[in-house]
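Here the structure comes first, spelled out in C-alpha cells, and everything after it is commentary.
The values are calculated or read from the model by the stated rules, or taken from the named source; none is laboratory data. Since this is a predicted model, take the numbers as computed values, not measurements. Heads up: the accessible areas ignore ligands, DNA and RNA and are worked out on the full protein's heavy atoms, side chains in. Shrake-Rupley method; radii C 1.70, N 1.55, O 1.52, S 1.80 Å.
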Amino acid sequence: MGTRIRLDRLISSQMPDVSRADVKKMCLKCRISVNGKLARRSDAHVDTDDEILLDGERVCYKEHIYIMLNKPQGVVCSTKDGESRTVIDLVPPHMRRKGLFPAGRLDKDTEGFVLLTDDGELAHKMLSPKSHVPKTYFVRLAQPWEESYETAFEQGMTIDGGEKCLPAQFTGSKENDRECTLVLHEGKFHQVKRMFKILGNEVVFLKRIAIGKMVLRQDLALGSCLEIMHKDVEKLLTK
Ligand code: URA
C-alpha cells in the first residue's frame, strides 16, 4: 500500500512538462487509466502503488529522484545561466522533474560527481556544515606534492581571508608525484584550490570522485547521468 494522492498531482509531479490542467484534459480524452479502468476525473484520489497508464505507458510514482551526473568542464552548477550550459541541461528527458536542482556546487572548470535531486531535505542533510559528509576529490597539481601535506591538511588549515578549515585527509599518489586525493568534510568556496595555494602549489585539474560512500561510476561518461536507486541514497550521507 502506497499513499493516497490526487491523480493530477501524481502525474504532473512525475512529468516536468505536464500541468494539472493538462491531466484534466487527458482524462477527458480518455488517455489515462487506473488499475485497468479509464480515469474520468483528474481530481480523484489514487494510491501511489496503483497501476496508472498514460497512453498505455506506465507512470511510476517516485516521491523523489536522485541523479549522479559526471559533470564536464565548462558546465555550471545552477538551474539557469544566461551564457553557459547548466547541469540541468545535461539531464535526459526521462529523468527530468519539476524542482530538480544540483545539491552543491562544483566550479565551472571542475569535473565529476554532482548530485541532482528534487529532494530538498536530503540536499540539506548532505550540505549542512554540521553533517560533515565527506567529499573526495582527485587533484592534479602544478608542482610535486610533499610528504608534509598530510599533516598540514590533517591539522586544519587557515585559508586566505582567515577561514579555518576542518581537518582533511590527503593521500599522495605513489605512481605520480603531481596527483593526489583529498577528502573534505565541508564545502567552502573554491576550497581545494585555496588550500593548495596556501601550500605554495596550484591545482591544475580537479574532479570530485565521491560523495559520502557513493563513488562516481568509472564507466559513466562525462556529461552523462545515472539514476541512483532509492536503496542506495543513504550512501550519500554515510561517513
Ligand atoms: N574545491 C574547489 O576549489 N573547487 C571545486 O569545484 C570544489 C572544491
Under 20 Å from residue 235, Cα to Cα: aspartates and glutamates that are on another chain or at least 8 residues apart: 63, 118, 119, 121, 186, 219, 227
Cross-link reach list, lysines versus residue 193, counting only Cα pairs under 21 Å and skipping chain neighbours closer than eight places: 71, 108, 135, 164, 207
Alpha-carbon Rg with Dmax, taken over segment 135-211, Å: 11.2, 34
Which of 158, 86 is most accessible, then next, and so on - probe 1.4 Å: 158, 86
Pairwise centroid distance, computed over Cα atoms, of segment 145-173 with segment 9-74, Å: 49
Quarter of Cα convex hull surface for the chain, i.e. mean projection, nm²: 15.5
Largest-first principal axis extents of the Cα set of segment 4-58 (Å): 24, 22, 19
Radius of gyration and maximum dimension Dmax of segment 184-239, Cα, Å: 14.3, 43
Accessible area (Å², per residue) of the chain, counting only protein heavy atoms and a probe of 1.4 Å: 55
Accessible area of segment 135-211 belonging to carbon and sulfur atoms, whole % at 1.4 Å probe: 52
Gain in span if fully extended, residue 155 to residue 132, counting 0.36 nm per residue against the direct Cα distance: 6.7 nm
